[in-house]
Each structure stands twice: as structure tokens, then as C-alpha cells.
Amino acid sequence: MEDQITEQIREIKSDLRLAMNGVASQSMTEKGLRYRLNFGVELPRLKEIAQKYGQDHRLAQALWKENIRESKILAGMIQPTDSFLPEIADIWVEQIDNIEIAELTSMNLFCRLPYAPAKAFQWIAGEEEFMQTCGFLIIARLLGKGAEMNERARDEFFDQALAAVQGGLYNPAKTAALSLKRYGTQNRENGQALIDYLAGLEMGPEAPYAVLVDDIKNEIESFF
């Protein structure tokens, strides 16, 4: 089995070299997306490569360990949800260190997990930047698909999201604001609940999160 995985990874790396885009790789580096190795392969081509291998737990786990941009993206595409245990999810999210991998892994894998809502709430209460980021990305995506929250979950979500918005870390603040907007524009009832919550905040115009909060309010009010 290990020989098969080794051979598959060798084949994948060969495909990546053939599809290598040095200009894209350099552009990512200039934008702050730094990897040990980055072939600059575009997402449509990565999806084609992933389709060749289907869903494969062992291959996905091996690819994630490669510490190559494309390998990590492919791992999220190839990993089956039924064998991706919660403790493995925690290991993966702790190893994410940039927004691209956070966004793509959340979209391709994390949000499809049967325990995604519980894991998202666990992560947004964490202290690590990209753990929080992935948690809010999951919530935003689930809300976009029509997921609902009970009142208790909603209140916890509001508290954690506003804490992230004012916390000073760019990626958690940005994705928390995104998830709040998704909640508030889901329906009028949600929008009013969020407007009422934001109105109850004691916040002067110089508060570090005042601009983001105003942006959330404006989007909800203009949506309806």
C-alpha cells in the first residue's frame, strides 16, 4: 500500500511540474502567500488531477504532509469525509498558516464534514488565527446553503464573531464579518436580530471595529 501511495505522489508531482506556472507562483509570493514549494498550478487543473484519484484517505493524508501548496489543496479535494475524524481535522487546522489554504480546505472539505457545525463553533472559540478563520469560513458557507441556528447558537455566534471583529487579527475579523453578513442577509428575521444586537453595543466612532460593524449594518439594511 505504501509503495502505491509513493508512486501516486510521484505521478502527481510530475503532473504538477508539467502544469507549473512560474508567473502565478511569483504573484502569490508577492501577495504574501509563502510556501516551501509552490508550482503555481491553477485550481481547474488541480481539480482535474484530483478527479484522477477520486476519494482516497491514505493518499490525502500523505499529500497533506508534503508541505507543498498544490499537495495541500489536493489533499482537501481527495480526502473522504467518512474517514476524516474530528481529531484529524484539529491536526490539519493547526497546520494551516495562510488564507488560501484556509479558504480552499474549508470549502472543499471542512464544510462537508458531518460534524462541521460543532467543529466550527469549537474553532471560532479558539485562539489560533487560522483556526478561527476556518471556523468562520465554515459557518459562512453553511449559512449560504441555508443552514439555520437556534437562539442559543445564534447568541454564541454573535459574541464570538464580534470578539473576532474587534480582536485585531485581519483574517478572523474579515471572515467573522463575512459570516455575520451571511447570517443577516439570510432572511428578514435574522437581519433584524443582528441589527438589534449591533445596536446594543456600546461603541464610539473611534472603536477599532466601528467601520466593520457599520459595513455589516449597511449591507443588511440595503439587502432588504
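Results, tabulated for the structure shown:
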| read-out | value |
| --- | --- |
| Condition met for ILE101 (modelled with pLDDT of 95 or more, open to solvent by 80 Å² or more (accessible area, probe 1.4 Å), part of a helix (DSSP H, G or I) and within 27 Å of TYR170 (Cα to Cα)) | no |
| Lone unmet requirement of (1) among the polar types (S, T, N, Q); (2) crowded, with 18+ Cβ neighbours inside 10 Å; (3) part of a helix (DSSP H, G or I) for GLN4 | (2) |
| The listed residue being surrounded by fewer than 21 Cβ atoms within 10 Å (Cβ to Cβ) and either at pLDDT 95 or above or not in a helix (DSSP H, G or I) (or both), out of LEU63, LEU33, LEU74 | LEU33 |
| The listed residue being charged (D, E, K, R), in a helix (DSSP H, G or I) and open to solvent by less than 90 Å² (accessible area, probe 1.4 Å), out of LYS13, LYS47 | LYS13 |
| Residue in the stretch 12-23 that is touching a Lys or Arg at 6+ places or on another chain (Cβ under 8 Å) and farther than 20 Å from LYS65 by Cα present | yes |
| Yes/no for ARG152 being under 30 Å from SER83 (Cβ atoms), open to solvent by 70 Å² or more (accessible area, probe 1.4 Å) and assigned to a helix (DSSP H, G or I) | no |
| Residue match in the stretch 65-73 (condition: hydrophobic (A, V, I, L, M, F, W, C) and over 15 Å from LEU109 (Cα atoms)) | yes |
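Results for (1) among the small types (Gly, Ala, Ser); (2) surrounded by 22 or more Cβ atoms within 10 Å (Cβ to Cβ); (3) at pLDDT 95 or above, shown as yes or no for each residue.
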{"residue": "PRO80", "(1), (2), (3)": "no, no, yes"}
{"residue": "ILE88", "(1), (2), (3)": "no, no, yes"}
{"residue": "THR105", "(1), (2), (3)": "no, yes, yes"}
{"residue": "PRO114", "(1), (2), (3)": "no, no, yes"}
{"residue": "ALA120", "(1), (2), (3)": "yes, yes, yes"}
{"residue": "ALA125", "(1), (2), (3)": "yes, no, yes"}
{"residue": "PHE130", "(1), (2), (3)": "no, yes, yes"}
{"residue": "ILE139", "(1), (2), (3)": "no, yes, yes"}
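The values are calculated or read from the model by the stated rules, or taken from the named source; none is laboratory data. The structure presented is a predicted model; accordingly, all values stated were derived computationally and were not measured. Cβ: placed from backbone, ideal geometry, glycine included. Neighbour counts: every protein chain shown. Each accessible area value is taken on the protein alone, full model and side chains, heavy atoms only, with ligands, DNA and RNA left out. Shrake-Rupley method; radii C 1.70, N 1.55, O 1.52, S 1.80 Å.
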